Amino acid sequence: MNAPLLRMVALGDSLTEGLGDPHPDAAPGPWRGWAALLAGGLRPTHEGVDLRNLAVSGAQTADVLNRQLPLARAHRPHVATVVVGVNDTLRASYDIHAIARNLDHVLGALAAEGSTLLTACLPDPGRMLGLPEPLARPLARRMRSVNEVVHALSERHAAVHVHIADCAWVDDPQMWSVDRLHPSERGHRALAREFHALLRARGTACGPPPGAEPLGRPPTRGAQTWWMLTKGTRWVADRCTDLLPDLLRLALAESRQRRAGTVSLLDHRAAGETAAALRALQFRPDLQDAV
């Protein structure tokens, strides 16, 4: 008798959509990504997995809650991946309280229906882009707050969690695409293998892990240059009308506090807001202290 088909959904943004890892067959879409690579190793090759990748480039936690979650629940997934948050840090509307509420609702809804949850914390974009310190530190502070919320919520909802921000391969340029924000095929494979190892230890992954070595050709220098001149430039232009004015304000505050020798006040303020966001979700005092 054939084993019942394992249903998997992937929620999130461009990281989970697969940017940086072109689909070898250009179907069912232009990108493959770590979620598809992982799905291929959850069951023996003769059994298969029904994967619905609902992730969309640019998605924020509110998009995952309002648009992706209803579709995910309709699929009745056995495994659900929720990796999102970077785009929230890259918006002037950044609000750690809203991020915490959104993620708690998404993870709680999926866990209540019996899904095995997969989550991850992420490296901060300022570090990956090599921004100057006055610009990078505010983004790092935001990403650290988002990661703390993800850590706490992953524990609350018993998610399988990968600490991408702490992985040794994060600093390897080969793991990243030319934009330095999305993994290359090698990076997507590394992330899929991290999740596979944890799921295999739980008995959820019964198939072979994805291979570590890329099978596709890396993009040529010309292709990388063309990407930066077209899509990369458009990304920067979009951020200039949204994030840049706010980021410059944050950088000015950073420089002012640094000159006064009180930059730690900004860290304490962000930590306090993060703790308040978790308290609003009625976290236990001991768990708040751990965060």
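The values are calculated or read from the model by the stated rules, or taken from the named source; none is laboratory data. What you are looking at is a predicted structure, and each value in this text was computed from that prediction instead of being measured. As a convention, Cβ positions derive from the backbone with ideal geometry for all residues, glycine included, and neighbour counts pool all protein chains shown. Ligands, DNA and RNA are excluded from the accessible area calculation, which covers all protein heavy atoms including side chains. Shrake-Rupley method; radii C 1.70, N 1.55, O 1.52, S 1.80 Å.
Pairing residues of region 4-25 that are farther than 22 Å from VAL160 by Cα with residues that are of a type in the set (A, V, I, L, M), at Cβ distances under 9 Å and at least 6 apart in sequence or on separate chains, gives LEU19/LEU181; GLY20/VAL178; GLY20/LEU181; ASP21/ALA36; ASP21/LEU37; HIS23/ALA36; PRO24/LEU215.
Listed here are the residues, each with its yes/no results for (1) under 15 Å from the mean Cα position of the chain (by Cα); (2) open to solvent by 10 Å² or more (accessible area, probe 1.4 Å); (3) farther than 19 Å from ALA152 by Cα.
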position: ASP63; (1), (2), (3): yes, yes, yes
position: LEU71; (1), (2), (3): no, yes, yes
position: HIS75; (1), (2), (3): no, yes, yes
position: THR81; (1), (2), (3): yes, no, no
position: VAL86; (1), (2), (3): yes, yes, no
position: ALA92; (1), (2), (3): no, yes, yes
position: HIS97; (1), (2), (3): no, yes, no
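Scanning region 128-177 for residues that are at pLDDT 90 or above and hydroxyl-bearing (Ser, Thr, Tyr) yields SER145, SER154.
Against the definition (open to solvent by less than 60 Å² (accessible area, probe 1.4 Å), part of a loop (DSSP other than H, G, I, E, B), among the β-branched types (Val, Ile, Thr) and modelled with pLDDT of 70 or more), how does THR274 come out, yes or no? Before the answer, list the steps.
Values: open to solvent by less than 60 Å² (accessible area, probe 1.4 Å): yes; part of a loop (DSSP other than H, G, I, E, B): no; among the β-branched types (Val, Ile, Thr): yes; modelled with pLDDT of 70 or more: yes.
It is false that THR274 is open to solvent by less than 60 Å² (accessible area, probe 1.4 Å), part of a loop (DSSP other than H, G, I, E, B), among the β-branched types (Val, Ile, Thr) and modelled with pLDDT of 70 or more.
Every residue, every condition in (1) surrounded by fewer than 19 Cβ atoms within 10 Å (Cβ to Cβ); (2) in contact (Cβ under 8 Å) with a residue 60 or more places away in the chain, yes or no:
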| site | (1), (2) |
| --- | --- |
| SER145 | no, yes |
| VAL150 | no, yes |
| ALA158 | yes, no |
| ILE164 | no, no |
| PRO183 | no, yes |
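Which condition does LEU181 not pass, out of (1) farther than 29 Å from PHE283 by Cβ; (2) in contact with a strand residue (DSSP E or B) (Cβ under 7 Å, 6 or more places away or on another chain), if it passes all the others? Condition (2) is where LEU181 drops out.
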